[in-house]
Structures are given as structure tokens and as C-alpha cells.
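For reference, the structure discussed in these notes is given below.
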Amino acid sequence: MIRRRNNEFHAFSDYDGFSIIESQKQRIVSAIRSQTDDYILNVNREEYIQHLISEFSIIPLEINKDQLSVSTYEAQIPAGSHPGTYHVRSGQSYSKDVIKYHLPFTGDPELLKVRASSYTLTSPIINVEEGCICFEIVNFNLAPERIKQEADSTINSIESQNSRLTKDLIAFNNQIEGIANQAFDSRKQQLLSKNDLMSSLGVPVRKADDTPSTFSVPTRRTKVIPSKSKPVVAEKGYKPEPSIDDSIYLQILSIIHDVGNQFERLPSTYAGKDEESLRDHILLILEPNFEGSATGETFNKSGKTDILLRHEGKNVFIAELKFWRGRKSYLDTINQLLGYLTWRDSKAAIVMFVKNKELSPVLDIVKSATPEHENYLGFVSEQEEGWCHYRFHINDDKNREVKLSVMLFHLPE
């Protein structure tokens, strides 16, 4: 790097971008390895991964060309910096007007020194002052058009090289989640194996062998990248908690969804049925599809509207069936569900039967009201219209996550 006066440097030339990105990848892995065993075993995985994405993403520079401004001053220019056509004496300096361009930008100014994977060998000399990229043109009796042409060339060079670096940074940012997931899962797996816990994880629920597979449910993950602080873990030690497998969870939901669609297709058959009757019909379809490990009855009834899957006296899946009665009743139903679920990685579903003439306004209310709940962690995906997946946490502990699916079925009166 060729240093000039003050803090001038050649733009996008000092540091190798590839090395910086590789170092950042190693920092992600090191951050995970540096956490205590208790932290890795007890932290909410999704929240921690989102924190790492926020922590290690490198935000590209944004150059605001539309806010460009200029200033001018007089300076003593050494003879050696004059064009060859000028008659000057070696060792002397001469007073000239200097036009200084101020190009505003946002982001880490150190990125102006980083070389992209694709770059040019020539680069303008710049410095950074008060949130602006600054470069200067000495007026050696130049025509205004010539000065403008030289300034445009410099700005285009800066924008072009920043664009190349931005492409590299975006590609890296898109890799962070995968790197973090792999490192986190590897570390946790090692800890679980070390403590000989693997055999005790999971609820032994399986598809019944003689029941044909009706659904193949694709899973889509919608990434949300908010600014996340590092999750706090208060628990000491780790106790394995049973949970149904995600694939089983989706099979249960798919069957419920299929039955709900049947309700919609045959409204006269189910007209006048109360919540309990609709619940019993869903149970009638669910029960033959799954086997329980301890009892012949996999799913249990509790109260008038609940469908439960229990293990060791705890609820690991619960579905609440309700007729739609407005925003407040919907949020109260979420409260009720979260009160039932205390184990980590529990699964739940809310099934709403909508008697309103129009379904769309109810869908809009659900989408706007759900994030308002104080235990809301994030939106996962929309399986299809009227069926969304969310992430919540139980009361007072964000590390104990609940997967919540919300389904709405239209049964107009």
C-alpha cells in the first residue's frame, strides 16, 4: 500500500477480503466452542443462531452518490506533482486550487481498505472524513468538463469496487446460518454423547405399520434476521426432555388439516356440531395412524376441546380446537396452550373453525395479532393459506421453545 499525506490510502487495496471472510468463519466456530456445556445444552437453538447471524454478519457499505458535494482550498503543490508540460523548478512548490469531493457513505470505514475477490490493479487515492469518502483533484488550469470527467471516473471506480466487495459479503452473510448450525449441532451432539443421553431423548411414537402414508409434507424455512442479543441461560446442568420428532409432528398436523378440509367440503354434514364433536371426529382419524409406546391410546382427551399426546405425565403435543370469537379470544387460546406446555421443544396446534361469512378478514387478524403475543419468537412458514407455523416460548423462559401451528377452517353458518 502506498501511503500519502495525512490518512490517504488506495481504496479497496489494503487487506485481502478472502482472508478476512475466512477469519470471520473461524470466529463463528470459536464463539460456539467457547460457550459452556450448560449454555449449549440449554439455550434456545434458533435464538442463539439468530444472535450469531446478527453478531457476525458484515454489513456492506452503502455509498450515497446523490449526496455528493465539493469544497475548494489553496495548497502548495510540489513541482514533481505537476504535469510534464509545466515549467517548474525541482524542489519548489507552487500554489494551486484543489477541488475536494465529499462522497457520503454508511458502514464500517475499514471496509474501504478491503480488496474484493475480483478487483482492478489501479485504485483511486482517498481518505475518510466525517462520514465521507474524500478525494481531490488539483486544478492545473483544467476545463470544468475535464474536472467533471476525472471526478466521475474516480466515483465510478469506487462504486464498482464496492459493488464487487458487496457481492462477496452478501455471499458470506448467506453462509453464516449454515456454518453456525453445523458447528452448534456438532458441539451439542458431542456433549450429549459424552453424557450418554442420546438413548433417553425423544418420545417413541411411530407411524402404525399397517396405515398407508397419506401425506408428504415439504418443509420450508423462512429466515428472519433481526438484531439479536445473545440469549441468556439460567439453567445449570441438563435434563433430557422427550419430544415428538418434527416429521411426526407434521404428519399429525397434516391429518388434522385433511380432516378440516373435509369439514369445509361437506358443511351440511357437520353443521350444528359443537367443538367437542368436531374434536372427537379428528381423534377418530388420528388414533389409527399412530402407536403409543406405553398404552394403546396415543392421543388423550382433556376438557372439551383438547387433543393431547402425553409422555411421562407431561404434554408434548396439544391441539386446541375453538370456534373463532375474535382477536382477544384467539390470544387467550395461545395463553391457554402455553400454560399446558412446560417441556422444551413441545409442539402445539390451534385449530380455529370460522363461522364468519368472510374468511379473509379473520386470516388478516391472525397474522397481525400473533406477533403481538409477549411469548412470540418468530414466524417460520406459511404451509398454505390458513395454515401457518410459528415459534413461541413458555412463560418466563425463552430457551424453552414451543412450535405452534395455527390452522383456520371456514364453516360459515
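Descriptive notes on the structure:
- Summed residue charge, Cβ within 14 Å of N261's Cβ, Lys/Arg positive, Asp/Glu negative: -3
- Per-residue Cβ neighbour rank within 10 angstrom, fewest leading, K347, K230: K230, K347
- The value of relative contact order for region 9-182, using C-alpha pairs under 8 Å at least six residues apart, is 34 percent.
- Packing, taken as the mean count of other beta carbons within 10 Å per residue, orders the peptides 80-88, 325-333, 180-188 from highest to lowest as 180-188, 325-333, 80-88.
- Listed residue pairs exceeding 21 Å between alpha carbons, taken from K273/K347; K273/K355; K273/K322; K328/K398; K230/K347; K230/K328: K273/K347; K328/K398; K230/K347; K230/K328
- With the simple model of a label 7 Å out from the Cα in the direction of the Cβ, D245 to S30 spans 3.9 nm.
- Charge tally around R187: other residues with Cβ under 13 Å, Lys/Arg +1 each, Asp/Glu -1 each, net +1.
- Working from label points 7 Å from Cα in the Cα-to-Cβ sense, the E177 to K355 distance is 4.1 nm.
- Among residues other than A349 with Cβ under 10 Å from its Cβ, the summed charge is +1 (Lys and Arg +1, Asp and Glu -1).
- Debye equation applied to the C-alpha atoms of region 9-182, log10 I(q)/I(0) at 0.16 Å⁻¹: -0.98
- Theoretical FRET efficiency, 1/(1+(r/R0)^6), r = Cβ-Cβ of F323 and V232, R0 60 Å, to 0.05: 0.95
- The stretch between H281 and H87 holds 59.9 nm of extra length on full extension. This uses 0.36 nm per residue minus the Cα-Cα distance.
- 5 angstrom amide H check on T342, placed H, neighbours 5+ away: N315
Where a number appears in this text, it was derived from the coordinates with a stated rule and is not lab data. Computed from a predicted model, the values in this text were never measured in an experiment. Don't worry about glycine lacking a Cβ; one is built from the backbone with ideal geometry, like all the others, and counts go over all protein chains shown.
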